[in-house]
1. Could you grab the relative contact order for the stretch 81-125? Cα pairs under 8 Å, six or more apart, rounded to a whole percent.
2. For the stretch 72-121, what does the equivalent ellipsoid look like in terms of its semi-axes, each the square root of 5 times an eigenvalue of the Cα gyration tensor, given largest first in whole Å?
3. Give the ranking of Ser82, Ser119, Ser33 by solvent-accessible surface, highest area first, calculated with a 1.4 Å probe.
4. Cα to Cα, under 26 Å, and not fewer than 8 places away if on the same chain: which lysines meet these conditions relative to Lys30?
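The values are calculated or read from the model by the stated rules, or taken from the named source; none is laboratory data. Keep in mind that what you see is a predicted model, and the values were worked out from it rather than measured. We work out accessible area using only protein heavy atoms, side chains counted, and drop any ligands, DNA or RNA first. Shrake-Rupley method; radii C 1.70, N 1.55, O 1.52, S 1.80 Å.
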Amino acid sequence: MKEQEKKRYSMEERKEFRKLILKKLEKVKKDLSILKENFDNDQNNGTDDTYPTFKAFEEGSETLSKEQNAQILEHLKKFIQSLNSALIRVENKDYGICRITKKLIPKARLMAVPHTTLSIEGKIQVENQRK
């Protein structure tokens, strides 16, 4: 049976997706932990330079780095939330169904972006509505 004719993925396929999602979730949680640790540590290795120009440059760079880290932290948290939502959809047996077209999302797309809720067709429709 072709994917487009199926209404849902089989239990075996959902187990495969679940395994992939859990693997990605483990990796992103590890990344988040490392980033949080670096963000919280504010590692100062005793290299304080008393020259005012250097100090101003260093502080500006440090501020930018903290802002970037905060953005990355927020992105990772949203990604974890999306992956957890995907796990719920796997358990509810509605994983892989496009929320716009209600058609089955191709397996290749889900393997690449396991937290997606849109097929390419659905994504195009959403983008066209925004214009």
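1. Normalised by residue count, the contact order of the stretch 81-125 is 39 percent.
2. After diagonalising the Cα gyration tensor, the semi-axes are 20, 12, 9 Å.
3. Ser33, Ser82, Ser119
4. Partners within reach: Lys15, Lys19, Lys66, Lys77, Lys78.
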